[in-house]
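Working notes for the structure below.
Just so you know, all these numbers are worked out from the coordinates, no wet-lab data involved. Remember, it's a predicted structure, so these values are computed and weren't measured experimentally. Note that each Cβ is placed from the backbone with ideal geometry, even for glycine, and that neighbours are counted across all protein chains shown.
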Amino acid sequence: MLQQTTQRARMTLDEARRAIQALRASVLDRQDLKGAVGREVDQFTANTNISCRYEIDAGSMDMPPDTAQHILRIVQESLSNVARHAQATRVSVDLERSDEEVRVVVRDNGVGFDPAEKRQGFGLAGMRERAAQIGGELRVVSSPGDGATVELVLWGGDE
């Protein structure tokens with residue numbers, strides 16, 4: 001019985017390691033944040049047929065890998081939410097970096113929602129947690145019928 005328990009524990013640990021590895025943005029191992037976001041937008045458009053424009057300012061998007069990873073995951077989750085819930089026909093993704101801040105804005109023209117309403121899923125909560133982990137703030141602006149805007153702001157853009 002001890003041997004079976006040890007084997008199950010090892011299997012569970014292996015599963016947990018694989019899950020954590022899956023959370024890592026391996027695409028960032030092959031390209032920078034600008035390229036990774038561009039790839040996500042291209043995939044989103046191809047998979048949903050929703051028009052998606054993206055713009056990344058000409059400034060550098062070099063940043064610590066964990067920060068870039070969290071930004072990419074927030075963009076991915078925002079686009080996923082648009083695809084699942086928004087019924088949008090247009091989306092825009094903007095990344096801007098200045099001396100004071102990094103700003104990421106994902107905006108859609110969909111059906112909107114009430115951000116104060118309790119949700120079943122972990123999407124918005126997870127994005128807020130990611131933002132907090134990198135010292136930022138996630139803002140969600142929406143109302144029924146008016147689309148939605150998810151904005152991540154990180155202070156200290158070019159430190």
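Loop-located trypsin sites (Lys or Arg not before Pro) in the stretch 83-159 (DSSP state other than H, G, I, E, B) with a sparse environment of at most 13 neighbouring Cβ atoms within 10 Å: LYS118, ARG119. Remark: the stretch 148-155, residue by residue, has Karplus-estimated 3J(HN,Hα) of 8, 10, 10, 10, 9, 10, 10, 8 Hz, where x stands for each Gly or Pro and the curve is 6.51 cos²θ - 1.76 cosθ + 1.60 at θ = phi - 60°.
The P(r) of the stretch 50-119 has a tail past 15 Å containing 59 percent of all C-alpha pairs. Compared with the dominant principal axis of the Cα atoms in the chain, helix 33-48 is inclined by about 90°. Principal-axis analysis of the Cα atoms of the chain puts helix 2-23 at an angle of about 20° to the longest axis. The alpha carbon centroids of the stretch 106-150 and the stretch 33-48 are separated by 20 Å. In plain terms, the residue of VAL111, VAL93 with the fewest other Cβ atoms within 10 Å comes first and the most crowded comes last, giving VAL111, VAL93. Here ILE71, ILE134 are placed in order of increasing Cβ neighbour count within 10 Å, fewest first, which gives ILE134, ILE71. Packing here is the average count of other Cβ atoms within 10 Å per residue, and on that basis the peptides 7-17, 143-153, highest first, run 143-153, 7-17.
Averaging 1/r over every pair of different alpha carbons in the chain and inverting the result gives a Kirkwood radius of 16.9 Å.
Apply the Debye scattering formula to the stretch 111-154, with a single equal point scatterer on each alpha-carbon and no solvent, then give log10 I(q)/I(0) at q = 0.32 Å⁻¹. Each listed q corresponds, in turn, to -1.11.
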